[in-house]
Amino acid sequence: MAKMTVNGQEVTVSAPPMTRLIDVLREQMLLTGTKEGCGEGECGSCTVLLDGEPVNSCLVLVGQAIDRQVTTVEGLGNAERLSPLQACFISEGGAQCGICTPGMLVSAHALLERKPHPTDDEIREAIAGNLCRCTGYQRIVNAIRKAASV
Amino acid sequence: MTVGQSPPRVDGVAKVVGSARYVDDLTKPGMWHGATVRSPLPAGRIRSITFDPAFDWSKVVTVTAQDIPGDNVVQLIEDDQPVLADGVVRHAYEPIVLVAAPDRELLAAAVKAIDIVIDHETPILTIAEALNPPKPIFGPDNVFKRYTIKRGDLAAGFAAADRIIEGTYTVHHQEHVYIEPQGIIAWVDADGGITVEGSLQCPYYVQKALKRAFHVDEHQARVIQTVTGGGFGGKEDYPSIIACHAALLAKKSGHPVKIIYGRQEDIEATTKRHPATMTYRTGVMNDGTLVALECDVTMDGGAYATLTSVVLSRGTLHASGAYRCPNVEIRSRAVATNTPPNGAFRGFGAPQTIWGIERHMDRIARELGLDPLAVRQKNLYQLGDTTATGQILKESVGSQACVEEATTASDYWAKRSLYGKPQQGRKRRGIGVSTFFHGAGFTGSGEARLKGKVQVDLAPGGRLIVRSGSTDMGQGQEMVFIQMAADAAGIPLELVSVQPVDTGEVPDSGPTVASRTTMIVGGITAKAAAKVAARVREIAPDLPWDQAAAKALAQGAVSELIQYVPEGHNQWDDDTYSGDAYPCFSWACDVAEVEVDLDTLEVTVLNVWAAQDIGKAIHPVMCAGQIEGGTLQAIGWALCEDVVWKDGRIANNRITNYIIPTALDAPPFHTILVEEPFSGGPFGAKGVGEMPMDGGAPAVAAAIEQALGVCPDSLPLTPEKLMEVYRG
Amino acid sequence: MIFSQPQSLTALFDELASAGDRPVLIAGGTDWIVEQHLKPTAAQRVLDLSRLAELRTLSVDGEGLRIGAGVTYRQLIEDERTRPWPMLAEMAKLVGAWQIQARGTLGGNVATGSPAGDSLPVLMAYGAQVELGSVRGTRLVPFEAFYVGYRRTVMAADEAITAIWLPTPAAGAVTQYRKVGTRRAQAISKVAFAGYAAGETIRLGMASVGPTVMTLPHTTAALKNGSDPVAALHEDITPLDDVRSTATYRMFVAENLVRAFADALAGR
């Protein structure tokens, strides 16, 4: 059976290999934190980590994710134990409508894993593949900068 | 007190951990998927709809206009728009046939098996064509609506003027690009009633639409809002159409039906910002004082009336900008074209006319050889001034305070002088300013007509439950209502919650539009909460809150339903378009600093300072978020967003080619909240949601004007368009 | 649709050599999966190259740099060994954004051969060669001879791109890369330019101004013999209008980018 690891748990995948990863995550695993905003790798709402790299899960076939590690927003923290990024997105106003937030958090998480103390320019570069229409990005940048300092 | 602080928003945790459920995250037992088959052409008559006999139609359901049990009308202002086109099509992408199927693959196959043939007619696609139509689309003259505002003696004003300065300014369509596409799930309850839930701004608009299309009463049409991923006006009226469609399919199939728009469909079919042309003729004194202002506004409403008359109204009322002028005449009209209906979009007509007046103020400064900010300050409304409609500004006028804050923070005068000197190299810098206002709340007698209501209930544990039909689309309505109710009642935040929006559970508070939610609905929320708390304390004056609440509840339910009553002094005449146009105005000054690359004419916005007087910032972090997000939408509209039309269809129907700003395109924002309290608003609060959309484009244009020495009068300022202006 | 993931180059070549229509080869899938989303095509064979570790290697020797076809843009940015070819990382940073850079591959960009392909002007300027493999063996094709028209290449039906070779730049070489897109990230180019000059060697590449990446021979000659390169540019390209930009704007930018490169060569 084809398997992959999602948020640290090994799971069995029964979908055809050409199914989009986002559909397997949302419809089979019911991990609906990952959102679809465009279906063509442009908005970044569906960003997940694939072996630690941020990717658009609408542009990954599940066959390409077999035997690999997938991390979704649900794997970054939970309501009882928010990650510093999640907490700072709330306190700094980084989340408004919230639809871009999961993907934005995943990209920000990947950045801080590599660069614990990024500059504002590096933050903007890291989230340039995540479109937000609510915030003007300033408060998202502030939230990531603050999370890096805690 | 929590008002004025920024406590963590109550919907924050669910949004950051991914547990917030948006419409596409929901499913129902036995749910089918629905799709819409649309007109490929902008104008014509439906000759035939053919269902391919080779396809097995028994496994799916289809719906056409003939299946509509009630009126084939989308209930709004006029009755011109059908739920499904019947006979005639008036714009590309107009819905004609609906299909539902148990799964998406079968649905796609069914859609492919439907063939619609339309006899093509010559479409009207531009304002120019619409003004002289071969055959009107709407009414006798193809005009949806006209307004005139008159003040003083225009001829005398021009006669007294040192100079007469004229200019014409245009703006283009804008797509909302909320990141969550539109979507609705509908089902038919056991008793035959219809329930819809989905991404929407105005639950009672949707309910009215269902009542009309299905001939049911309010008990048989229930509307639930799901967590909504952005609206910006785009989910004000359009969800009514999707709700009717999903409900028609649910009724016919006997299954719950979910319709989720793909991004292309969403860009193509849903509403946009109205394009507009503004022509100004002003009489000015040599020192820059305005003595006469004449303006003609024409907006493109698209194929159906929808909200156009109201958008035009707000545009008209903002057309003379934040400037005093004793002699004014503003004439406006909205025309019909064979393009998808234009509708509500943050600012609602004001960003269009404020673009006009702000560019015209820059023209006046240029032609008089004065500084653009000096000209503005000479004319900027102050306390006690009278507006074009005759409204006396009695309080809460933070116009000058905003100018001072924004210019100081940006070091405007020093930079203006520096960038005014000759610059070297292939990059040129400039700094520009806009000063503007935005009427908060419904226009004129609108609030009196609406009669918005809120109910606050006392619940066990001393909790208060706020029941309102106002919706949170991300702007933070839920949190500010909780803050205001808690403070008004004198209880901790944790004891207040907001009832999820469901027409079965909340009263009609009026739509969540027009920057009215905090000021109007929030105001009655605070009043209701204060009254409930007063009742409790009256019953048990000596007990702590939780015990007092328990004692009060033991005697019976404690609940307050309050309806908004406008302040008595608000006088408005709809016939003469004069009087108090809005309960009050919010005020603002934006400063933009740009760098333009002469090799490519790409504009980099280096910094934006926005000082905005919103009366009182209930939640400063969320207020700043509104200002920054709205300003970036304005900058996007100015610099990169453009709907590309080809024969009445949209050529750039993807996020790949309808370009909104990324984090690398957005400037650092320096936001200054100015608080000149409004006595009619809760805690002094005025509107904040829309105003940020008004001033970003003209401030950026003014900065580009200084950098390049050219005067862009027409949006967008894409490098392609700037090149045309720059090369002459 | 048949989906397979060859586990070795030999297996890939065998599959390509077997009978039937040429399958679709995907690596990152950042072009093809989008196309499928917008307009699904009928059943076909899809070969996914993402499991081929052999394609993901990058190596440097005295001759130059060999970039496996499956090397991602992210690898080009992060791998120190690309530093002598600075335009590679500069270009890669402007492809989409991080998510696309993590998936998209150099071989995929070359194989797709979009006229707007971000890497193509850079490969042209560096004098790249395309390594093609098949059951019949391996051959190298000079990059300027690789495309024969709009999205058409000299690749045979049984071949796959296995690597891109770049010669080591001469000491003191002048290079210049500029992508002018619809925005600062997540952008498709309106015009992109790469130039390389060292001694008598000048190589240029320009994207989004013709049916495929353009080599600008007249402009190159003008730069060599000191005549006006901007006038020569008009003999090299005839840009078109499309949804992203206009012919006039493309020409305006193309002229300025060539002028800027000429200025750099003149030490201005």
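The single condition from (1) assigned to a strand (DSSP E or B); (2) touching a Gly at 6+ places or on another chain (Cβ under 7 Å) that B:ALA634 fails is (1).
Filtered by the rule that a residue be at pLDDT 95 or above and not in a helix (DSSP H, G or I), the range B:713-728 gives B:ASP713, B:SER714, B:LEU715, B:PRO716, B:LEU717, B:THR718.
Only residues that are within 14 Å of another protein chain (Cβ to nearest Cβ), buried (at least 20 other Cβ atoms within 10 Å of the Cβ), in contact with a Lys or Arg (Cβ under 9 Å, 6 or more places away or on another chain) and aliphatic (A, V, I, L, M) were counted in the range C:8-33, giving 2.
Only one entry in B:PRO82, B:PRO53, B:PRO8, B:PRO69 is part of a loop (DSSP other than H, G, I, E, B), out of contact with any helix residue (DSSP H, G or I) (no Cβ under 8 Å at 6 or more places or on another chain) and of a type outside the set (A, V, I, L, M, F, W, C), namely B:PRO53.
Within the range C:137-189, if we keep just the residues that are among the aromatic types (Phe, Trp, Tyr) and either within 14 Å of chain A (Cβ to nearest Cβ) or assigned to a strand (DSSP E or B) (or both), the residue that is surrounded by the fewest Cβ atoms within 10 Å (Cβ to Cβ) turns out to be C:TRP165. What residue, of B:ALA592, B:ALA610, B:ALA588, B:ALA617, is among the hydrophobic types (A, V, I, L, M, F, W, C), closer than 30 Å to A:SER91 by Cβ, within 11 Å of another protein chain (Cβ to nearest Cβ) and not in a helix (DSSP H, G or I)? Checking each option against the conditions leaves just B:ALA610.
Only a single item in (1) assigned to a helix (DSSP H, G or I); (2) in contact with a Leu (Cβ under 7 Å, 6 or more places away or on another chain); (3) free of Cβ contacts under 8 Å to residues at least 60 places away in the same chain is not met by B:LEU383, and it is number (1).
Where in the range C:35-119 are there strands (runs of 3 or more DSSP E), lying wholly inside it, with at least 2 residues that are within 14 Å of chain A (Cβ to nearest Cβ), surrounded by 17 or more Cβ atoms within 10 Å (Cβ to Cβ) and more than 14 Å from the chain's Cα centre (by Cα)? Passing ranges, in order: C:45-48.
Residue under question is B:ALA190, and the condition is that it be more than 14 Å from every other protein chain (Cβ to nearest Cβ), crowded, with 24+ Cβ neighbours inside 10 Å and farther than 25 Å from A:SER45 by Cα; does it hold?
Values: more than 14 Å from every other protein chain (Cβ to nearest Cβ): yes; crowded, with 24+ Cβ neighbours inside 10 Å: no; farther than 25 Å from A:SER45 by Cα: yes.
When the stated conditions are applied, B:ALA190 does not pass them.
Answer yes if at least one residue in the range A:32-48 is away from every other protein chain (no Cβ under 13 Å) and buried (at least 21 other Cβ atoms within 10 Å of the Cβ), and no otherwise. Can you show your working first?
In the first step, residues of the range A:32-48 are kept if they are away from every other protein chain (no Cβ under 13 Å); the result is none.
Checked against the condition, which is being away from every other protein chain (no Cβ under 13 Å) and buried (at least 21 other Cβ atoms within 10 Å of the Cβ), the range A:32-48 yields no hits at all.
Entry remark, the range B:599-617: residues being more than 19 Å from B:ASP694 (Cβ to Cβ), out of contact with any Pro (no Cβ under 8 Å at 6 or more places or on another chain) and among the hydrophobic types (A, V, I, L, M, F, W, C) number 0 in total.
Look at the range A:132-150: where a residue is within 21 Å of B:GLY230 (Cα to Cα) and facing another protein chain (nearest Cβ under 7 Å) and a partner is among the polar types (S, T, N, Q) and assigned to a helix (DSSP H, G or I), sitting 6+ places away or on another chain with Cβ atoms under 8 Å, you get A:ARG133/B:GLN633; A:GLY136/B:THR631. Residues in the range B:258-280 that are part of a helix (DSSP H, G or I) and not small (Gly, Ala, Ser): B:ARG263, B:GLN264, B:GLU265, B:ASP266, B:ILE267, B:GLU268.
So in the range B:281-295, with the set limited to residues that are of a type in the set (S, T, N, Q) and not in a strand (DSSP E or B), which one is nearest to the chain's Cα centre (by Cα)? By that ranking, first place goes to B:THR289. Per the listing A:GLU113, A:GLU92, A:GLU74, the residue uniquely more than 8 Å from chain B (Cβ to nearest Cβ) and either out of contact with any Cys (no Cβ under 7 Å at 6 or more places or on another chain) or more than 25 Å from B:ARG9 (Cβ to Cβ) (or both) is A:GLU113. For the range C:210-253, the set of residues classified as outside any strand (DSSP E or B), among the aliphatic types (A, V, I, L, M), within 17 Å of C:TYR150 (Cβ to Cβ) and more than 14 Å from chain B (Cβ to nearest Cβ) consists of C:VAL213, C:ILE237, listed by residue number. Please determine whether any residue of the range C:219-229 is closer than 16 Å to B:GLU602 by Cα and crowded, with 19+ Cβ neighbours inside 10 Å. No, that holds for no residue. For the range B:634-669, how many residues are at negative phi and either among the charged types (D, E, K, R) or facing chain A (nearest Cβ under 7 Å) (or both)? Of the residues in the range B:634-669, 15 are at negative phi and either among the charged types (D, E, K, R) or facing chain A (nearest Cβ under 7 Å) (or both). Looking at B:GLN424, is it of a type in the set (S, T, N, Q), more than 30 Å from B:TYR147 (Cα to Cα) and surrounded by fewer than 23 Cβ atoms within 10 Å (Cβ to Cβ)? It is true that B:GLN424 is of a type in the set (S, T, N, Q), more than 30 Å from B:TYR147 (Cα to Cα) and surrounded by fewer than 23 Cβ atoms within 10 Å (Cβ to Cβ). The condition of being more than 30 Å from B:VAL297 (Cβ to Cβ) and surrounded by 22 or more Cβ atoms within 10 Å (Cβ to Cβ) holds for only one of B:ALA110, B:ALA54, that being B:ALA110. Taking the range B:329-381 as the range and being surrounded by fewer than 23 Cβ atoms within 10 Å (Cβ to Cβ) and of a type in the set (D, E, K, R) as the test, the residues that pass are B:GLU329, B:ARG331, B:ARG333, B:ARG363, B:ARG366, B:GLU367, B:ASP371, B:LYS378. Evaluated against (1) free of Cβ contacts under 8 Å to residues at least 12 places away in the same chain; (2) facing another protein chain (nearest Cβ under 9 Å), A:GLN9 falls short on exactly one condition, (2). Could you tell me whether C:TYR177 is modelled with pLDDT of 95 or more and in contact with a Ser or Thr (Cβ under 6 Å, 6 or more places away or on another chain)? No, not satisfied.
Quick grid of which residues meet (1) in contact with a strand residue (DSSP E or B) (Cβ under 6 Å, 6 or more places away or on another chain); (2) touching a residue at least 40 places away in the same chain (Cβ under 8 Å); (3) aliphatic (A, V, I, L, M); (4) within 14 Å of another protein chain (Cβ to nearest Cβ):
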{"site": "B:VAL3", "(1), (2), (3), (4)": "no, yes, yes, no"}
{"site": "B:HIS33", "(1), (2), (3), (4)": "yes, yes, no, yes"}
{"site": "B:THR36", "(1), (2), (3), (4)": "yes, yes, no, no"}
{"site": "B:ARG45", "(1), (2), (3), (4)": "yes, yes, no, no"}
{"site": "B:SER48", "(1), (2), (3), (4)": "yes, yes, no, no"}
{"site": "B:PHE55", "(1), (2), (3), (4)": "no, yes, no, no"}
{"site": "B:GLY70", "(1), (2), (3), (4)": "no, yes, no, no"}
{"site": "B:GLN81", "(1), (2), (3), (4)": "no, yes, no, no"}
{"site": "B:VAL89", "(1), (2), (3), (4)": "yes, yes, yes, no"}
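B:ILE224 passes every criterion in (1) surrounded by fewer than 24 Cβ atoms within 10 Å (Cβ to Cβ); (2) outside any strand (DSSP E or B) apart from (2).
Look at the range B:574-597 and say how many of its residues are surrounded by 22 or more Cβ atoms within 10 Å (Cβ to Cβ) and not aliphatic (A, V, I, L, M).
11
Only a single criterion out of (1) away from chain A (no Cβ under 14 Å); (2) surrounded by 22 or more Cβ atoms within 10 Å (Cβ to Cβ); (3) among the β-branched types (Val, Ile, Thr) is not satisfied by B:THR471, namely (1).
Within the range A:112-127, does at least one residue satisfy the condition of being hydroxyl-bearing (Ser, Thr, Tyr) and surrounded by fewer than 24 Cβ atoms within 10 Å (Cβ to Cβ)? Yes, some residue in the range A:112-127 is hydroxyl-bearing (Ser, Thr, Tyr) and surrounded by fewer than 24 Cβ atoms within 10 Å (Cβ to Cβ).
The values are calculated or read from the model by the stated rules, or taken from the named source; none is laboratory data. These numbers come from a predicted model, not from an experiment. Ideal geometry is used to build each Cβ from the backbone, glycine not excepted, and the neighbour counts take in all protein chains shown.
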